[in-house]
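The values are calculated or read from the model by the stated rules, or taken from the named source; none is laboratory data. What you see is a predicted model; the values in this text were computed from it and never measured. Virtual Cβ from ideal backbone geometry, glycine too; neighbours counted across all protein chains shown.
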Amino acid sequence: MTSHLQWCAVAVLLMATLRHQAVRADETPDTSAARAASLARLIQAVEQYTLTIEAGHGEPLELVKSPVLRYSDPVTSVLDGAVFVWTRNGRPEALISVHVGKSGRPFFEFRSLSSSPLAAMRMGQPEWHPDQPGLDFRPLEGAPSPEETAPQRLKQMRAMLRSFSASISDPADGRHELRLLSQPVFRYSQPDVGILDGALFFFVRATNPELLIVVEAQTAEGNPRWTYSP
């Protein structure tokens, strides 16, 4: 994920299953080992950060150490990259994308998914401090009522997303249509706070994530409905 590209939709609307890229059949043991070593370095880089919710006493978020997405992008010279999730009681509160190019130096991008201010520290030093909510949910007009089972709701989410598209403009080589990953990169629920189901979806260029859309089936006054936030 490149720093000059913003996670924003060109054509709006909608928004997880942990997704790992399988080792390709034509990979040799050497390339497989190199890929595993690269992932270990990415994880080590991410583990230097601690994230907390600033409300109360700075409650720490939990890092899911397996990346939800692994990617590369020859157009922007991204050799290897990964997206990680921080959670609170199972719900995603923040994302971090880390990638390396030819220099081998890691580059980071953060995205808040929280309704509260967050703080990120790296080796005791402040690195990131968003003070605004990371998501702005709105009703998905015309959507059917959420189904009763998780597989049925996933089918609904994928069907709703088919109507949407996104593109990105690059000053160097113009406009590019983005591809929606068919599976969410992360799935969650918190029925006790009215979240029946939730999922994170990415629009990508090659495999490089450029746009995040979050879909939630939220329950208000006993009535579940589909909502989304870009």
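Suppose we keep only residues that are aliphatic (A, V, I, L, M) and farther than 15 Å from Arg88 by Cα within the range 116-126. Which one would you say is surrounded by the fewest Cβ atoms within 10 Å (Cβ to Cβ)?
Among those that are aliphatic (A, V, I, L, M) and farther than 15 Å from Arg88 by Cα, it is Met123.
Which count do you get for residues in the range 35-64 that are surrounded by fewer than 16 Cβ atoms within 10 Å (Cβ to Cβ), assigned to a loop (DSSP other than H, G, I, E, B) and not polar (S, T, N, Q)?
6
With the checklist (1) outside any strand (DSSP E or B); (2) modelled with pLDDT of 95 or more in hand, flag the one item Ser115 doesn't pass.
That leaves (2) as the condition not met.
Which of the residues belonging to the range 67-82 are at pLDDT 95 or above and out of contact with any strand residue (DSSP E or B) (no Cβ under 7 Å at 6 or more places or on another chain)?
Result: no residue meets the conditions.
Looking at Asp192, Asp197, can you tell me which residue is over 27 Å from Val98 (Cβ atoms), of a type in the set (Asp, Glu) and within 19 Å of the chain's Cα centre (by Cα)?
Asp197
Only residues that are under 30 Å from Gly101 (Cβ atoms), β-branched (Val, Ile, Thr) and in contact with a helix residue (DSSP H, G or I) (Cβ under 8 Å, 6 or more places away or on another chain): list them for the range 200-230, please.
Selection gives Ile213 alone.
One residue is enough: does the range 94-115 have a residue meeting the conditions within 16 Å of Ile43 (Cβ to Cβ), of a type outside the set (A, V, I, L, M, F, W, C), buried (at least 18 other Cβ atoms within 10 Å of the Cβ) and touching a strand residue (DSSP E or B) at 6+ places or on another chain (Cβ under 6 Å)?
yes
Just the residues that are crowded, with 17+ Cβ neighbours inside 10 Å and touching a Pro at 6+ places or on another chain (Cβ under 8 Å), please, taken from the range 128-141.
Answer for the range 128-141, where residues must be crowded, with 17+ Cβ neighbours inside 10 Å and touching a Pro at 6+ places or on another chain (Cβ under 8 Å): just Pro130.
Filter the range 118-141 for residues that are within 30 Å of Gly58 (Cβ to Cβ) and in a loop (DSSP other than H, G, I, E, B) and give the result.
Residues satisfying the conditions are Met123, Gly124, His129, Pro130, Asp131, Gln132, Pro133, Gly134, Leu135, Asp136, Phe137.
Return a yes/no flag: does the range 77-95 have any residue that is in a loop (DSSP other than H, G, I, E, B) and over 30 Å from Asp197 (Cα atoms).
For the range 77-95, residues in a loop (DSSP other than H, G, I, E, B) and over 30 Å from Asp197 (Cα atoms): present.
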